[in-house]
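Worksheet for the structure shown next.
The values are calculated or read from the model by the stated rules, or taken from the named source; none is laboratory data. Since this is a predicted model, take the numbers as computed values, not measurements. Here the Cβ positions follow ideal geometry from the backbone for every residue, glycine too, while neighbour counts run over all protein chains shown.
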Amino acid sequence: MKKSLLLLPLALLLLIIGARALLRSGIGPLRQELLTQPRIYAYREWQSTGVMLHTGDRVYIRARGTWLYTPGEYHGPEGHAEYRAPNTYPIPAIPGGILLGRIGEEARPFPVGRGGAVVADQEGLLYLRINDDILSDNVGYVEVELTVTPYETSD
């Protein structure tokens, strides 16, 4: 009986030490600021960045990389320099192949391109995608760097 009472605290101590070692080695949940730069693939619909924005937050987006969305032509996140998107694209009359964003699942999309600052007009996850209507023939991805500045109220 006394032996089993001694083993219980020892087992608990070993469990705590092992859990701390796993967390330090990168296994387990990570803080948002430790996430690697997300990749936004040209052949996928809206992709969550995993970043939750609140009304008034400012997110700085920087994108780089190339993707193919027209046969034989790779473009960066700024899209095609001459080809304007037709009415079947998520946002028509802007460059085809440009990086788009939206906050929340049903929000109106906005152009991102190589990047810039966006102020969240509602709460929701930040989603990104390419401005194209047929995604199955696309190739490549762009990497995005995201920095969020929370909205500060003046009291």
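If you check ASP155, ASP132, ASP137, ASP121 for being modelled with pLDDT under 95 and either surrounded by 12 or more Cβ atoms within 10 Å (Cβ to Cβ) or among the polar types (S, T, N, Q) (or both), only one passes: ASP137. If you check THR147, THR55 for being part of a strand (DSSP E or B), hydroxyl-bearing (Ser, Thr, Tyr) and touching a residue at least 24 places away in the same chain (Cβ under 8 Å), only one passes: THR147. Among residues of the range 74-86 being in a strand (DSSP E or B) and farther than 15 Å from TYR43 by Cα, the one that is nearest to the chain's Cα centre (by Cα) is GLU78.
Filtering the range 112-129 to residues that are of a type outside the set (D, E, K, R), assigned to a strand (DSSP E or B) and touching a strand residue (DSSP E or B) at 6+ places or on another chain (Cβ under 6 Å) leaves GLY115, ALA117, VAL118, VAL119, GLY124, LEU125, LEU126, TYR127, LEU128.
Okay, residues lined up against (1) within 14 Å of PRO111 (Cβ to Cβ); (2) modelled with pLDDT of 95 or more; (3) not assigned by TED's automatic domain parsing to the domain that holds GLU145:
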site	(1), (2), (3)
GLN47	no, yes, no
GLY50	no, no, no
HIS54	no, yes, no
ARG64	no, yes, no
TRP67	no, yes, no
GLU78	yes, yes, no
TYR83	no, no, no
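In the set ALA107, ALA93, which member is loosely packed, with under 13 Cβ neighbours inside 10 Å and either in contact (Cβ under 8 Å) with a residue 60 or more places away in the chain or among the small types (Gly, Ala, Ser) (or both)? Checking each option against the conditions leaves just ALA93. Residues of the range 87-111 that are in a strand (DSSP E or B) and under 14 Å from GLU45 (Cα atoms): ILE98, LEU99, LEU100, GLY101, ARG102.
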